[in-house]
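Below: the structure, in structure tokens.
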Amino acid sequence: MQNQFMLPRLYAIVDAEALATRNISLAAFAREFCAAGVTLLQYRDKNGSPQEILRATAILRETMSGSKCRLIMNDRADLALLANFDGVHVGQGDLSPTDARRVVGPARIVGVSTHTPEQARIADQSSADYIAIGPVFATGTKLNPEPVVGLEGVRRARTLTRKPLVAIGGITRANARSVIEAGADSIAVISSLFAADESPAQVARDFLARLR
């Protein structure tokens, strides 16, 4: 995949806990994204058992069947393979990109999270297809988030790699354009995909329109 992978502007992350908190079904949420034209979606479940995660991935694959959306597994390279997903995204505490690549093989996508310039440098030399940098802004998605890197952190990461760069953390429709202008190829969004008075499809379409 290396040197061939291009990130879409919007990298949607479907978080199992966020869905459960809002009492939204995974299938309904995925259908909304599919209708909006989302082309890259990561499934994240930090607390589910392997069996629960695989049941959820089966729902995702069925719901997104026939679409152009590629599916990425968070953290677990082994489950990405079992679910027949298109790739895996690993953090600093997970398998290294090289080890994840050994699990999923050369044809699948491997992404890696970074939070410092040194981590970005190391990721640039790895077999990862893309690099994530963040949190760009303060975020409540993680219990113990890494220090905020700000737009300057995105600019710095851009100078350290020619790989596709995705920014994550506290990104909203209001600040998304500034993140792209700072050098990110794509923005990853979790909580900002939800709005009280709009459907997920409407939110996704608005993000896509603002990022064109």
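No lab work stands behind these numbers, since they all come straight from the coordinates. Just so you know, these numbers come straight off a predicted model, no measurement behind them. For neighbour counting, all protein chains shown are included, and Cβ atoms are generated from backbone atoms with ideal geometry for every residue, glycine included.
Scoring ILE187 on the criteria (1) part of a helix (DSSP H, G or I); (2) aliphatic (A, V, I, L, M); (3) within 20 Å of ILE72 (Cβ to Cβ) leaves a single failure, condition (1). Restricting ALA35, ALA107 to residues that are closer than 29 Å to ALA209 by Cβ, touching a residue at least 40 places away in the same chain (Cβ under 8 Å) and either of a type in the set (S, T, N, Q) or surrounded by fewer than 20 Cβ atoms within 10 Å (Cβ to Cβ) (or both) narrows the list to ALA35. Cβ separations smaller than 7 Å between residues 6+ apart or across chains give the following pairs from region 182-209 residues that are touching a residue at least 12 places away in the same chain (Cβ under 8 Å) to residues that are of a type in the set (S, T, N, Q): ILE190/THR141; SER191/THR141; SER192/THR172. The conditions of being out of contact with any Pro (no Cβ under 7 Å at 6 or more places or on another chain), among the hydroxyl-bearing types (Ser, Thr, Tyr), surrounded by 15 or more Cβ atoms within 10 Å (Cβ to Cβ) and more than 18 Å from TYR43 (Cα to Cα) are not met by THR139.
Output yes when any residue across region 182-194 is in contact with a helix residue (DSSP H, G or I) (Cβ under 6 Å, 6 or more places away or on another chain) and over 19 Å from HIS115 (Cα atoms), and no when none is. Yes, there is a match, as at least one residue in region 182-194 is in contact with a helix residue (DSSP H, G or I) (Cβ under 6 Å, 6 or more places away or on another chain) and over 19 Å from HIS115 (Cα atoms). Consider region 57-86 and keep the residues that are among the small types (Gly, Ala, Ser) and out of contact with any Gly (no Cβ under 7 Å at 6 or more places or on another chain). The one that is surrounded by the fewest Cβ atoms within 10 Å (Cβ to Cβ) is GLY66.
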